[in-house]
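Presented below is the structure to which this report refers.
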Amino acid sequence: MDQPLRESLIRLAEALIDQKAARTLVWPQERREGFWFGGGDMIQDSDGTFLLAGRHRVFGDSRTGVGAGERGKELAIYQSSAFDQPFEKVKVFKKEDVATTDEAVVSIEGVSLLAHDGQIELYVSTEKDRPYPEGLIDYRKPGTGVWSIDVMSAADVASLEAGSARGAIRSDKPSRLHAKDPAVHEDSAGRKNMIFCSHPFSWSSSNPALARFEDGSWTIAEETILERGPVWDVAATRITDRLSVPRLGALRDLPPLSLYFYDGAECLRPHEQSERAIARPRGWSCEEIGGLAWGYDEAFPAMERLSVDRPFFTSPFGTGCSRYVSTLVTGDEIAASWQQSQEDLCQPLVGHSLPLEQVEQILAR
């Protein structure tokens, strides 16, 4: 890819994830630290309705377990007739509603919606009260568990039933023990792909993996599809969205390509910043900041990082946290949502959109 086109793609992403122009889509249950809504995505139903899924998180600390707070409290689905209109909550699942076995759900994390073959599929990652593998039992902190991904499906959102979730991705491999934060999409051939985040038993890093749906079940195809970066994202790289860029402007004569939004962090705990250097958002667990990669669709999952030396997306408020980007291309716009830190340190889901006419201008070079 030549430098002018590279710069156009970066400009497009930065114009879409406009931190100051974004409006609040869903507020967390309280306006204070430890409370947020997001970690999901948006789709359009067959009638054009916007469906937005995420989880309401309340105060807690995953390092110490639910004794410090409930954390991922509920999965919620909101809907709206248009992206610029208010979103209304239409479906709620509590922890017990998304359990699949006799393992209690400790916390709800990232979710994903997919409209496929006349069905609405809802993917949810949960932390389950499950032991660590033999030999590592004592590494599990009291009140915590192991993350895995499940799915439920129905003809429409209203028909999604509590207790209907079934297993999708589960691991016992210590280096990839936790699986969470699914982002599911269909490729041009109609095949289902799931990008998700994996963590080792030690929770020392975050890594993007790929699963494919084949022969009626999900199978992990690639354990890492984008290596962690060398600078600001050396500890965490979590892909949350694939944007199939409209073939406008300079892209008209190129093969289809996609942008991949990801959450990055320099560390999993806050770093002490020098008083004699520039202070900046550095990202840490639950306060990640945003990066970008790209790739030709025909070569998926091969992709290249664009945000090598610095993050591209940080909130102008609070900790600078900006994460869990989700995008949706409609007939006349690209819509985006993401979690954004506020001055009071809560993280609502905010959104912004670009009309396709503006997208074409940006990509015109």
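The values are calculated or read from the model by the stated rules, or taken from the named source; none is laboratory data. The structure displayed is predicted, hence computed values, not measured ones. Quick reminder, even Gly has a Cβ in these numbers, built from the backbone with ideal geometry, and neighbours come from all protein chains shown.
Which condition number in (1) outside any strand (DSSP E or B); (2) in contact with a strand residue (DSSP E or B) (Cβ under 9 Å, 6 or more places away or on another chain); (3) of a type in the set (Phe, Trp, Tyr); (4) more than 24 Å from PRO246 (Cβ to Cβ) is the one that PHE59 fails?
Going through the list (1) outside any strand (DSSP E or B); (2) in contact with a strand residue (DSSP E or B) (Cβ under 9 Å, 6 or more places away or on another chain); (3) of a type in the set (Phe, Trp, Tyr); (4) more than 24 Å from PRO246 (Cβ to Cβ), PHE59 breaks only (2).
Where the second residue is of a type in the set (Lys, Arg) and modelled with pLDDT of 90 or more and the first is more than 23 Å from GLU287 (Cβ to Cβ) and lies in the stretch 254-273, which pairs have Cβ atoms under 7 Å and are six or more apart or on separate chains?
That search, which allows pairs on different chains as well, returns PRO256/ARG247; SER258/ARG242.
If we keep just the residues of the stretch 190-216 that are in contact (Cβ under 8 Å) with a residue 12 or more places away in the chain and among the small types (Gly, Ala, Ser), which is farthest from ARG176 (Cα to Cα)?
Only one residue tops the list, namely ALA211.
What number of residues within the stretch 123-147 satisfy the criterion of being within 21 Å of the chain's Cα centre (by Cα), assigned to a loop (DSSP other than H, G, I, E, B) and among the aromatic types (Phe, Trp, Tyr)?
0
Looking for something assigned to a strand (DSSP E or B) and more than 26 Å from GLY118 (Cα to Cα) - is there at least one such residue anywhere in the stretch 76-92? Reasoning before the result, please.
Our first condition is that a residue be assigned to a strand (DSSP E or B); within the stretch 76-92, this holds for 76-80, 88-92.
Then keep just the ones that are more than 26 Å from GLY118 (Cα to Cα); that gives none.
No - not one qualifying residue is present in the stretch 76-92.
Does ILE239 fit the bill of being surrounded by 14 or more Cβ atoms within 10 Å (Cβ to Cβ), in contact with a Ser or Thr (Cβ under 9 Å, 6 or more places away or on another chain) and aliphatic (A, V, I, L, M)?
Details: surrounded by 14 or more Cβ atoms within 10 Å (Cβ to Cβ): yes; in contact with a Ser or Thr (Cβ under 9 Å, 6 or more places away or on another chain): no; aliphatic (A, V, I, L, M): yes.
So ILE239 fails the test.
Scan the stretch 281-299 and give yes if some residue there is farther than 30 Å from TYR78 by Cα and at pLDDT below 95, otherwise no.
yes
Which ones in the stretch 72-97 are within 16 Å of GLY40 (Cβ to Cβ) and of a type in the set (A, V, I, L, M)?
If the condition is that a residue be within 16 Å of GLY40 (Cβ to Cβ) and of a type in the set (A, V, I, L, M), then LEU75, ALA76, ILE77, VAL90, VAL92 are the ones that fit.
What single numbered condition from (1) over 30 Å from GLN361 (Cβ atoms); (2) surrounded by fewer than 18 Cβ atoms within 10 Å (Cβ to Cβ) fails to hold for GLY72?
Failed condition: (2).
Out of ALA279, ALA302, ALA293, which single residue is under 20 Å from PRO182 (Cα atoms) and surrounded by fewer than 15 Cβ atoms within 10 Å (Cβ to Cβ)?
Residue meeting the stated conditions: ALA302.
Please find, within the stretch 242-269, the residue that is modelled with the highest pLDDT out of those that are within 25 Å of THR319 (Cα to Cα) and surrounded by fewer than 15 Cβ atoms within 10 Å (Cβ to Cβ).
In the first step, residues of the stretch 242-269 are kept if they are within 25 Å of THR319 (Cα to Cα); the result is 260-269.
Cutting the leftovers down to surrounded by fewer than 15 Cβ atoms within 10 Å (Cβ to Cβ) gives us 267, 269.
Values: CYS267: 92, ARG269: 87.
Top of the filtered list is CYS267.
If a residue has to be touching an Asp or Glu at 6+ places or on another chain (Cβ under 8 Å), outside any helix (DSSP H, G or I) and more than 21 Å from LEU25 (Cα to Cα) to count, how many in the stretch 95-122 make the cut?
9
I need the full set of residues from the stretch 315-334 which are out of contact with any Pro (no Cβ under 8 Å at 6 or more places or on another chain), surrounded by fewer than 22 Cβ atoms within 10 Å (Cβ to Cβ) and under 25 Å from SER46 (Cβ atoms), in order please.
Of everything in the stretch 315-334, those that are out of contact with any Pro (no Cβ under 8 Å at 6 or more places or on another chain), surrounded by fewer than 22 Cβ atoms within 10 Å (Cβ to Cβ) and under 25 Å from SER46 (Cβ atoms) turn out to be LEU328, THR330, GLY331.
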